[in-house]
1. State the number of residues belonging to the range 260-299 that are over 23 Å from Gly80 (Cβ atoms) and either within 18 Å of the chain's Cα centre (by Cα) or open to solvent by 50 Å² or more (accessible area, probe 1.4 Å) (or both).
2. Report yes if Met352 is within 26 Å of Lys139 (Cβ to Cβ), away from ligand 1 (no atom under 16 Å from the Cβ) and at pLDDT 95 or above, otherwise no.
3. Looking only at the range 225-259, filter to residues that are polar (S, T, N, Q) and at pLDDT below 95; which one of those is least open to solvent (accessible area, probe 1.4 Å)?
4. How many residues are charged (D, E, K, R) and assigned to a loop (DSSP other than H, G, I, E, B) if we restrict to the range 30-44?
5. Among the residues in the range 46-67, are any at pLDDT below 90, part of a helix (DSSP H, G or I), out of contact with any Leu (no Cβ under 6 Å at 6 or more places or on another chain) and surrounded by 16 or more Cβ atoms within 10 Å (Cβ to Cβ)?
6. Could you say whether any residue in the range 9-28 is surrounded by 11 or more Cβ atoms within 10 Å (Cβ to Cβ) and closer than 23 Å to Ser99 by Cβ?
7. Considering only the range 97-122, how many residues are in a loop (DSSP other than H, G, I, E, B) and within 16 Å of ligand 2 (Cβ to nearest atom)?
Amino acid sequence: MIVILNPNIEDNSKEFKETVDYLQQLPNIEIKMHEVLGSEQKLTEIYLLGDTHKLDQEVIEALDAVDRVVRISQEYRILGRHADEKRASGFTYNGVEFSQESCHVFAGLCAVDTPEHVEIMMKALETHGQICTRMGAYKPRTNPYSFQGHGKACLPWVFELAGKYGIKVIAMEITHENHIEEIDNALESTGQPTGVMLQIGTRNTQNFELLKAIGRQRTYPVLFKRGYGVTLNESLNAAEYLASEGTSNVIFCLRGMKSAAGSPHRNMVDFAQVPIIKRLTRMPVCVDPSHSVGSREKSSDEVLDVVHASAQGIVAGANMVLVDFHPEPPTALVDGPQALLMDELPRFLDDMAACRDFYHKRLEIWRRPGN
Ligand code: PEP
Ligand code: MN
């Protein structure tokens, strides 16, 4: 059961204290508080866990601080959509709104390599009005002898360059909970020039201890990648681990499934599932066409498969695209063969904007009464 308090309620108000005191004395119920910071208001939600079926919803709804109560089904209790659900989707982070209504492109380097390449990328993003990027510092690699990322050593200069070019959010994968502190320290020492969205890679989808550790921090939102070898339901349950520990600012990312049936793409592109996630949960949905397609092959129409896959995600209502670019792909230390080129950036952005317009046009068509 989720108890939603009146917007912008003060923690030291009488009604807040009385409501929390009442909920705390309920037998066999554990309570967890969660604050959702929107652009216009702060919402406080209290999750009641345990024997909730015996609770009287009307009694709780009558408490002074309570706006409304949502009874939740067993699946994806916090991130899911439930019957009589009116809670909004999404969140604002570092001034940027992420929701099931927004749409952002996160173009950037799969792996941070040189300051020159990072600067070329960030500068191009600023030139084309972009405020988000991807930058991998910690790389989970199949082969232990492959480049593992520059790790914490590159963070200060990556963050400084981001600040210089007005980048507000960097999606950055972490593979160990210690990386959170390394990011905290680098942001602190450079004066918080940018924001970070912690990325959980497909290989760590069911690394539950890592998920719990990331879930316990409140500073950064999370980009959670679908597991490439588990069902959608299993991945959604894994994302719920974050929320169960307190972090519900989560974006769910489709990135293709490992299957011989996807060949010649690196993975089986699963972007037709964007609407399913928007229906089952309140998470904004991201697509990663680079790790799904994994090459620079072109169709007979001369458009890259990566670009076609991105378009398919946006036309299906995706709220974010995570896409690899590189100024000099042959020298990239990770995933050069799938990277888009800098001179493709403006055309890629125009294509995505056109797809987004087309998605809105589709909504208009389907909102028309039938005859
Ligand atoms: C990445 O985005 O750099 C990455 C490694 O992706 P995935 O976890 O989807 O393989
Ligand atoms: Mn990669």
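The values are calculated or read from the model by the stated rules, or taken from the named source; none is laboratory data. Just so it is clear, the structure is predicted and the values come from calculations on it, not from any experiment. Methodologically, a virtual Cβ is constructed for each residue, glycine included, from the backbone with ideal geometry; neighbour enumeration extends over all protein chains shown. All accessible areas refer to the heavy atoms of the entire protein, side chains included, with ligands and DNA or RNA removed. Shrake-Rupley method; radii C 1.70, N 1.55, O 1.52, S 1.80 Å.
1. Result for the range 260-299: 14.
2. yes
3. Ranking the qualifying residues of the range 225-259, first place goes to Thr247.
4. Final tally of qualifying residues: 1.
5. Within the range 46-67 (the criterion being at pLDDT below 90, part of a helix (DSSP H, G or I), out of contact with any Leu (no Cβ under 6 Å at 6 or more places or on another chain) and surrounded by 16 or more Cβ atoms within 10 Å (Cβ to Cβ)), the answer is yes, since at least one residue qualifies.
6. Scanning the range 9-28, I find at least one residue that is surrounded by 11 or more Cβ atoms within 10 Å (Cβ to Cβ) and closer than 23 Å to Ser99 by Cβ, so the answer is yes.
7. Residues that pass the stated criteria total 4.
Matching residues to (1) in contact with a Gly (Cβ under 6 Å, 6 or more places away or on another chain); (2) farther than 27 Å from Phe252 by Cβ:
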site: Phe147; (1), (2): no, yes
site: Gly151; (1), (2): no, no
site: Met172; (1), (2): no, no
site: Thr175; (1), (2): no, no
site: His179; (1), (2): no, no
site: Pro193; (1), (2): yes, yes
site: Leu210; (1), (2): no, no
site: Arg218; (1), (2): no, no
site: Leu223; (1), (2): no, no
